[in-house]
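The values are calculated or read from the model by the stated rules, or taken from the named source; none is laboratory data. Owing to the predicted nature of the structure, the values given are computational and were not obtained by experimental measurement. For neighbour counting, all protein chains shown are included, and Cβ atoms are generated from backbone atoms with ideal geometry for every residue, glycine included. In case anyone asks, the SASA skips ligands and DNA or RNA and just uses the protein heavy atoms, side chains included. Shrake-Rupley method; radii C 1.70, N 1.55, O 1.52, S 1.80 Å.
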Amino acid sequence: GSRTRGLRFYQPEEFTIQDAAAYFRFLEEQGILLDAEARKASIQSQVAALAASVGGQAADEPGLLAEVTDLVEAPKALRGSFDPTHLSLPREVLISVMKKHQRYFPVFKRGGQTELLPYYITIANKPATGSQPFEGGELIVEGNDHVIRARFADADFFVRDDRKHKLVDFLPRLGTLVFQARLGSMLDKSRRVTALVEALAGTLGLEGEARATALRAAELCKADLATHMVVEMTSLQGIMGREYALQSGESPAVAQAIYEHYLPRYAGDALPATRPGLAVSLADRLDSLSGLFAAGLAPTGTKDPFAQRRAALGLVQILLAGEMDFDLRPALQAAAQHLPLPASAETQAACLDFIVERLRNLLLESGLRHDAVEAVVAAQRHNPGLAGRAVHQLAAWVARPDWHTILPAYARCVRIIRSAAPGEAAVPVEPSAFVEPAEQELYAALQQTEQAPRQPGSVDDLLNAFLPMIPAVDRFFEKVLVMAEDPQVRHNRLALLGRIAALAEGVVDFSRLEGF
């Protein structure tokens, strides 16, 4: 029909619509903001104004802002308060209670987001503008004050009760928390993580105090899961672990590594900043992925109850960010050795494929060329950190104006090898069998290239070493008939080209590039 209703208790109760424009005008008069961006902007400005009125500022909370924007249609910001004595609780506890439970915007002292003020801002679904006066704000604030008071009282009780014990005292309780039926409890998992950190210490360059810190953090990394505060609010895992570790007398480095081992928790989150935190984070993810694949619980479709996609993404993000030389194959094998069930070669290969797919997606989402990603991942799939660096390097080379002379020189060597009979190029190069000066010149250039210093997986080092060879490669193909009738000459020439083709092994598969 042509009649509509506005907000409850607002007049007129019903309205006859003449046309679409009249409908929108009526809603605007009621204070309803249909456009989501307009609602978001209104909420932002109202929150900022209320925070400023008490000498504070609201934090930048894009996730919370988006959620609240979709919860209301006529946003009205209201400021409430709580007992300042609650500010003695850990800051993250207060923020989590306000954001997760109540969808409140915390208020910080102006100039930073470190010190909270005893205020919060809630968004009511009442008109902020329009022809109707705003009523009931005091009652809404009073109700919210009662709720937050009860929430903080509960949190205060949980924290005080948890602090009666040292963090290490919660370890036995982990035995009652099941990680996965075939993989045991969270206590079993924490022990596997500790053993894996020990196994990876050399690879990760952990020595002395850093190694001891990583091992202690691995031992305690899951202990806060058995605390009352984390049982009540699982989003505080790691945060409370750090808090309780410090309170228990653990070193700040151990406490920080406990916190960092959960990083990154979501897209755009911070990454581990310390080497011990990074080690425990990698070990935790490797144990989860290796174990769950061995148990036949690889994600299928949209089902991922153990958040393995997030674990693999976090693993890859850490390795990419540090351009770490970290081979996943021995790492997964080390993780498998500590599992309570056998991990077959097939499940380990499937687990590696799963991680590599996350690597490929991350690189593509960053805007890198598809063929450059495929060319590097084909050769360095087992080493995400070096692969990420190599893709960026290759993308820069492909964009060079002289690339059309570099790729063809290498491609000619590879294509002729592929056209040869099996085994023809699989012989040692014999310099004494060279017939043409161009052969000797190319062999001399190859020796210099092979002796040039190269970092593992570096496309820059590979191509910088190959560049001086290009004139010799071009002259070779101009002056020399590779497929000579004499088998010894032919095989020797093919072996020489095979040595050139082998320069890129383990770095990049140029045949996957456009124009090869």
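Table for the structure above
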{"read-out": "In segment 339-356, the residues that are touching a residue at least 12 places away in the same chain (Cβ under 8 Å) and assigned to a helix (DSSP H, G or I)", "value": "T347, Q348, A350, C351, L352, F354, I355, V356"}
{"read-out": "Test: residue in segment 376-384 that is modelled with pLDDT of 95 or more, surrounded by 19 or more Cβ atoms within 10 Å (Cβ to Cβ) and of a type in the set (G, A, S)", "value": "yes"}
{"read-out": "Residue that is surrounded by the fewest Cβ atoms within 10 Å (Cβ to Cβ), among those in segment 485-498 that are over 14 Å from A426 (Cβ atoms) and without any contact (Cβ under 8 Å) to a residue 24 or more places away in the chain", "value": "E485"}
{"read-out": "Any hit, segment 439-449, residues being surrounded by fewer than 16 Cβ atoms within 10 Å (Cβ to Cβ), of a type outside the set (S, T, N, Q) and more than 45 Å from the chain's Cα centre (by Cα)", "value": "yes"}
{"read-out": "Qualifying positions in segment 330-357 - farther than 20 Å from L394 by Cα and of a type in the set (D, E, K, R)", "value": "E346, D353"}
{"read-out": "Hits in segment 402-422 (condition: open to solvent by 20 Å² or more (accessible area, probe 1.4 Å), under 44 Å from the mean Cα position of the chain (by Cα) and either of a type in the set (K, R) or within 19 Å of P487 (Cα to Cα) (or both))", "value": "R412, R415, I416, I417, R418, S419, P422"}
{"read-out": "Of all residues in segment 239-285 being crowded, with 19+ Cβ neighbours inside 10 Å and of a type in the set (S, T, Y), the one that is nearest to A334 (Cα to Cα)", "value": "S281"}
{"read-out": "Lone qualifier among V459, V508, V473, V429 - being aliphatic (A, V, I, L, M), farther than 23 Å from H404 by Cα and touching a residue at least 12 places away in the same chain (Cβ under 8 Å)", "value": "V429"}
{"read-out": "Condition check for V435: over 28 Å from V376 (Cα atoms) and among the β-branched types (V, I, T)", "value": "yes"}
{"read-out": "Residues of segment 53-62 satisfying the condition of being aliphatic (A, V, I, L, M) and either in a strand (DSSP E or B) or open to solvent by 60 Å² or more (accessible area, probe 1.4 Å) (or both)", "value": "A58"}
{"read-out": "Strands (runs of 3 or more DSSP E) wholly inside segment 84-195 containing at least 1 residues that are over 32 Å from the mean Cα position of the chain (by Cα)", "value": "116-125"}
{"read-out": "Output for segment 202-213, where each listed residue is open to solvent by less than 60 Å² (accessible area, probe 1.4 Å) and within 17 Å of A334 (Cα to Cα)", "value": "L204, G205, L206"}
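Condition check ((1) in contact with a strand residue (DSSP E or B) (Cβ under 9 Å, 6 or more places away or on another chain); (2) part of a helix (DSSP H, G or I); (3) modelled with pLDDT of 95 or more) across all residues:
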residue	(1), (2), (3)
P471	no, yes, yes
V482	no, no, no
Q488	no, yes, no
L494	no, yes, no
R499	no, yes, no
A502	no, yes, no
F516	no, no, no
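For every residue, the table says whether it meets (1) within 30 Å of I95 (Cβ to Cβ); (2) in contact (Cβ under 8 Å) with a residue 40 or more places away in the chain; (3) of a type in the set (A, V, I, L, M); (4) open to solvent by less than 40 Å² (accessible area, probe 1.4 Å).
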position: R5; (1), (2), (3), (4): no, no, no, no
position: T16; (1), (2), (3), (4): no, no, no, no
position: F26; (1), (2), (3), (4): no, no, no, yes
position: E29; (1), (2), (3), (4): no, yes, no, no
position: D35; (1), (2), (3), (4): yes, no, no, no
position: A41; (1), (2), (3), (4): yes, no, yes, no
position: V47; (1), (2), (3), (4): yes, yes, yes, yes
position: A51; (1), (2), (3), (4): yes, yes, yes, yes
position: T69; (1), (2), (3), (4): yes, no, no, yes
